[in-house]
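J.: Below is a structure I'd like to ask you about.
The values are calculated or read from the model by the stated rules, or taken from the named source; none is laboratory data. Keep in mind that this is a model prediction, so the values were computed, not measured. Neighbour counts are summed over all protein chains in view; Cβ atoms, including those assigned to glycine, are modelled from backbone coordinates with ideal geometry.
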Amino acid sequence: MSRAPAEVASRSIADPMVAAVRQVLAAIPAGCTWLLPVRAPDGAVVDFLVAAASAQGRDVHGRGAERVGQRLSALYPGMVAGPLWQAYHEVLATGEPAHLPDFRYAGHGAGVVTDSVFDVTVYRVLDGLLVWWQRLDEHRRRLARTELLGSLGWAEYDLVTGRSDWSPGMYRIFERDPALGPMSRADQAAALLPDDHGLRETAWQTLDSGAASDVTVRFRAGRTVKYLRILSDVARDEGGAPVKIYAVVQDVTARERSRSAIEQLSDQLRTRETTALAEHRLAAQLQNLIQPVPREPLSLAGLEVLVGYLPAESALRVGGDWYHAETLPDGSVVLAVGDVAGHGLEAASGMAHLRFALVAWLSIGIREPAALLGHMNRLCGQLAITGTAVIAVFDPATRRLAWARAGHPLPMLSRAGATGDLGRPAGMLLGADPATRYPVVTTELRGDDVLLLYTDGLVERRAGNPEDELAAVRSALSALSGQPGARPLARLREALHRPSPDDDTCTLAVRVLP
């Protein structure tokens, strides 16, 4: 935009006062900018010059202190004549501060978020404008995704004013319309199941003692009863009197019901003599409670995934095989298969711990396969169990697969009729050494590639040669990738239906979409 030479800022950029303000703002760890008005010969404000800026407060383009000396109309042309621009003029004219709690800025150009939200406050300072700003959209997006994936919500209760504040996750957990506002303490007490009132009193006593409270109680939400884990703490004034209660709530209904179901099935297995058919039925029921197996292939970002689970053919041997497959909020896909050593309810319990823990770590943004396996390794040590696992993260934009393994059978990759191991990274089994590190291998996949993650029940038999079993699986994969045809994974189901007499078998067959 061309400017008339007569348009000048109210202060020179070389003014000692400007240099002093610039030095102060450079040390502020927040979004802060000092603007000087640019005036026409008749005194009218026609633009604003960035005279000082905090180095850590970067704009949507990633720019910090390098904006100093530039005009706002050149930096943000879309802002000219908008609501924030008008606010600048009004504050400069009246001296009254302005607050724009939800200012929306429309970004332009590649690599810039098109719609960003800011909290902006403007003050008149030293013939210019001191602008404080905080970006809200990224924080709100992270919070919303974390609450959604973790079934989480937070609440604050002001003991002085009686005011309550709920996050969106709380309304989702309690199945309550946000327009109604937070539930009153009386309504919450009424929704609590009578048998759990003792736990509520225990929580209050814990808070009174100065410690944080962590209880799991049952609430009636709509027509259902939910298990809610509530972690709460109290903030106090200088005299020690309680002022606020902070609480984080997680819906753990699925976990608690799975645990209850496991206990019930355990009682049945210990107290009843059952036929082999009934035992297999109980085993299948237990596995399905913890990790239901979809009958049809799953559609994930850039992938088609077929899950298979076959219990051991011999007498009841509930195994610790598990899987996980989902598209994450950032668009990537996580694929995992694992096996807890041993059989019986202890193995099934260990499997449930690992699978639920993996979901929790993913919900708080942990994505690296090596980091996830490291957390699993330490958890296995705490639980005094061992196991194997392979975890992979697929980027559909680049078709790159980053993966690592912990003592687990190597995944197979089949491409254009040829099948081999995906790679051979090292990696000790889970629970053996808390200091173990897990190297990550990155592989570029192509359209119609078929990837197979599996547990050892697929190829290991007490009788027979494992290499023969591996060769049969590779042959089936090669036939599929060589002639994809229609519904390729559905055809693969029959080829992978290879139950082991002594061990469960879990498979994750993945096809890269063209």
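J.: Hey, does segment 451-464 have a residue that's polar (S, T, N, Q) and touching a His at 6+ places or on another chain (Cβ under 9 Å)?
T.: yes
J.: Right, something else. Give the residues of segment 64-104 that are of a type in the set (Ser, Thr, Tyr) and under 23 Å from Ser54 (Cβ atoms), sorted by residue number.
T.: Within segment 64-104, Ser73, Tyr76, Tyr88 meet the criteria.
J.: Step by step: first the residues of segment 476-493, then only those that are at pLDDT below 80, more than 27 Å from Pro311 (Cβ to Cβ) and of a type in the set (Gly, Ala, Ser), then the one that is surrounded by the most Cβ atoms within 10 Å (Cβ to Cβ). Which residue is that?
T.: Per the stated criteria, the residue is Gly485.
J.: Failed condition for Ala432, given (1) closer than 26 Å to Leu372 by Cα; (2) part of a helix (DSSP H, G or I), with all others met?
T.: The failed condition is (2).
J.: Right, something else. Report, ordered by the first and then the second residue, all pairs with beta carbons closer than 7 Å, sequence separation of six or more or different chains, a first member in segment 335-364 that is over 21 Å from Thr507 (Cβ atoms) and polar (S, T, N, Q), and a second member that is modelled with pLDDT under 85 and part of a helix (DSSP H, G or I).
T.: Correct list of pairs: Ser349/Ile262; Ser363/Thr146; Ser363/Leu149; Ser363/Gly150.
Condition check ((1) in contact (Cβ under 8 Å) with a residue 60 or more places away in the chain; (2) in a helix (DSSP H, G or I); (3) within 23 Å of Arg218 (Cβ to Cβ)) across all residues:
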position: Arg141; (1), (2), (3): no, yes, no
position: Ala144; (1), (2), (3): no, yes, no
position: Glu147; (1), (2), (3): no, yes, yes
position: Tyr157; (1), (2), (3): yes, no, yes
position: Val160; (1), (2), (3): yes, no, no
position: Tyr171; (1), (2), (3): no, yes, yes
position: Met183; (1), (2), (3): no, no, yes
position: Gln188; (1), (2), (3): no, yes, yes
position: Asp195; (1), (2), (3): no, yes, yes
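J.: Select from segment 410-465 the residues that are of a type in the set (Lys, Arg) and out of contact with any Ser or Thr (no Cβ under 8 Å at 6 or more places or on another chain) and write down the one among them that is nearest to Gly482 (Cα to Cα).
T.: Checking each candidate, the answer is Arg446.
J.: Evaluate the following for Leu372: is it without any contact (Cβ under 8 Å) to a residue 40 or more places away in the chain, surrounded by 17 or more Cβ atoms within 10 Å (Cβ to Cβ), in contact with a strand residue (DSSP E or B) (Cβ under 8 Å, 6 or more places away or on another chain) and assigned to a helix (DSSP H, G or I)?
T.: Criteria met by Leu372.
J.: Give me a count of the residues in segment 98-124 that are surrounded by 13 or more Cβ atoms within 10 Å (Cβ to Cβ), at pLDDT 90 or above and of a type outside the set (Lys, Arg).
T.: Going through segment 98-124 one residue at a time, the tally reaches 6.
J.: So in segment 454-475, with the set limited to residues that are within 36 Å of the chain's Cα centre (by Cα) and closer than 15 Å to Leu310 by Cβ, which one is modelled with the lowest pLDDT?
T.: Of everything passing the filter in segment 454-475, Glu460 is modelled with the lowest pLDDT.
J.: Quick one: is Ala392 touching a residue at least 60 places away in the same chain (Cβ under 8 Å), part of a strand (DSSP E or B) and crowded, with 23+ Cβ neighbours inside 10 Å?
T.: yes
Here's the yes/no breakdown for (1) of a type in the set (S, T, N, Q); (2) without any contact (Cβ under 8 Å) to a residue 12 or more places away in the chain; (3) touching a helix residue (DSSP H, G or I) at 6+ places or on another chain (Cβ under 6 Å):
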position: Ala211; (1), (2), (3): no, yes, no
position: Gly222; (1), (2), (3): no, no, no
position: Leu228; (1), (2), (3): no, no, no
position: Leu231; (1), (2), (3): no, no, no
position: Pro242; (1), (2), (3): no, no, no
position: Gln250; (1), (2), (3): yes, no, no
position: Glu256; (1), (2), (3): no, no, no
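Yes or no, residue by residue, for (1) over 20 Å from the mean Cα position of the chain (by Cα); (2) within 19 Å of Pro434 (Cα to Cα); (3) in the same structural domain as Ser500 (by TED's automatic domain parsing); (4) of a type outside the set (A, V, I, L, M, F, W, C):
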| residue | (1), (2), (3), (4) |
| --- | --- |
| Leu306 | yes, no, yes, no |
| His324 | no, no, yes, yes |
| Ala341 | yes, yes, yes, no |
| Ala347 | yes, no, yes, no |
| Met351 | yes, yes, yes, no |
| Pro369 | no, yes, yes, yes |
| Leu373 | no, yes, yes, no |
| Ala404 | no, yes, yes, no |
